[in-house]
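Read-outs: derived from the displayed coordinates by stated rules, not from any lab. Quantities reported herein were computed from a predicted structural model and do not represent experimental measurements. So basically every Cβ, Gly included, is an ideal-geometry build from the backbone, and we count neighbours across all protein chains shown.
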């Protein structure tokens, strides 16, 4: 029997090729399915309840959730369209429990009876109503606007309260002495309680309150309004809620202290570290010229930015300090600092107060020496760890607290200097930056489109 030999069958060859390809694919370990944020979906059934769907680029969102639009590995912000899209997504969109929690914190902070109970009750009703609505809709921009207005109105309502700090009274007396041609440093002023407190602050403070010299607290109120506005535009709701409604933040704005203005200057100086590093150093120098405790952020800032930050830092402070030293003498400035320490007969809000409570004998000079020793050791430790802008901010706060509260005398008003920084970053530190309130004008500017219009994410899974 003869067998004919001819060309190989086309179908047979294609079957062999397909078989080889399938064999190679079978030998390659399968990749876990990833979502657009780069998270594995393996074991999702054990994490998500069976009645909830899993989000994929082509799957519809689960009920009560809204899936982002993904294109080429770029997550498009839902507000990048028209105002109608913004309204549907960020105001009446699905609820965000972080918004609800932020409103609850604000409500909780307002619950203790404040000096101006009527104003607090009004905003408790408003915030309570928004909290209830936020259980159904997102309401993030409306919540941010309400918290901003609450913070402003509560501070205005407290403006008529009596003074508990004599800092602004002394500042006004020193400014009037300067305007009359005298030396504001090196002397005590009778307007303080007890009489004889000097002006130990930076020369910028003598100019800062000139527009509102008749009532310096108005400048503190304006500084708080600017901080509230910046926090509201940033849209981190928990930090905004705390700054707007915390009793300590309300009281220090109108109690006669100058730390709210210092907090504004420090915030402006440190939020631009990565974008405008030398401008940040310059502004920190300006803050030091207002209140010298802003020096707490100088060591980590120089360690992070390098020695090139020293020049703008010195320029920012020297523009105000050098003329003051030339005109009034460094000896008088030092004398003011010495008198400021001596005017306090009892320890207050400090390690000295805690030690006194324990009945341990101590000396004023020993505690004040300990203050600078602890602050110096903290500064050295922080400089070795200042590798990011966040480390600069946290490190400066640690130096600030270690130096100001481990001596003989301190003040709770100092918290107003670090409150804006903490509230600015709090939501991010807690990992909730995605819950920020977005504003309709953000996508309409080039900067807004770059910042908020699209966020890079992991590429969607291959299909």
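Stretched out fully, how many nm does the piece from residue 308 to residue 108 gain, at 0.36 nm a residue minus the Cα gap?
Full extension from residue 308 to residue 108 adds 67.5 nm.
Any chance you could run the full-extension gain for residue 362 through residue 121? It's 0.36 nm times the residue separation minus the Cα-Cα distance, nm to one decimal.
82.2 nm
Of the listed peptides 335-341, 222-228, what is their order by residue-averaged count of other C-beta atoms within 10 Å, with the highest listed first?
Numbers: 335-341: 16.3, 222-228: 21.6.
Sorting 335-341, 222-228 by mean packing, highest first, produces 222-228, 335-341.
So what's segment 113-218 giving for Cα Rg divided by 2.2 N^0.38 Å, two decimals?
So segment 113-218 has a normalised radius of gyration of 1.55.
At a Förster distance of 30 Å, what's the computed FRET efficiency of residue 183 paired with residue 248, Cβ-Cβ distance as r, to 0.05? Each step should come with its number before you reach the end.
Values: r = 35 Å, r/R0 = 1.16.
The pair residue 183/residue 248 has a calculated efficiency of 0.30.
Could you order peptides 276-284, 155-163 by the average number of other Cβ atoms within 10 Å of their residues, highest first?
Packing order, densest peptide first, comes out as 276-284, 155-163.
Between residue 326 and residue 381, how many nm apart are label points set 7 Å from Cα along the C-beta direction?
Between residue 326 and residue 381, the label points sit 4.2 nm apart.
Which order do 257, 164 fall in if you start with the one that has the fewest other Cβ atoms within 10 Å?
Least to most surrounded, the residues fall as 164, 257.
At 7 Å along Cα-to-Cβ for each site, give me the label-to-label distance between residue 218 and residue 136 in nm.
That separation, rounded to one decimal, is 4.4 nm.
Would you order 171, 378, 272, 260 from fewest to most other beta-carbon atoms within 10 Å of each residue's own beta-carbon? Write out the running numbers ahead of the final one.
Values: 171 25, 378 20, 272 15, 260 28.
Placing the least packed residue first, the sequence is 272, 378, 171, 260.
Can you pull the one-decimal nm distance between simple spin-label points at residue 85 and residue 207, each 7 Å off the Cα toward Cβ?
It is 4.7 nm.
If each residue of separation counts as 0.36 nm, what is the full-extension length gain between residue 149 and residue 233 once their alpha-carbon separation is subtracted?
Stretched fully, the residue 149-residue 233 segment lengthens by 29.0 nm.
Of 364, 172, how do they rank once you tally other Cβ atoms within 10 Å and put the fewest first?
364, 172
When a/c is below 1.5 the answer is rounded, else prolate if a/b is larger than b/c, else oblate, so apply that to segment 223-271 with a ≥ b ≥ c taken from the square roots of the Cα gyration tensor eigenvalues.
oblate
Jot down the radius of gyration and Dmax of segment 260-361, Cα atoms only, both in angstrom.
17.1, 50
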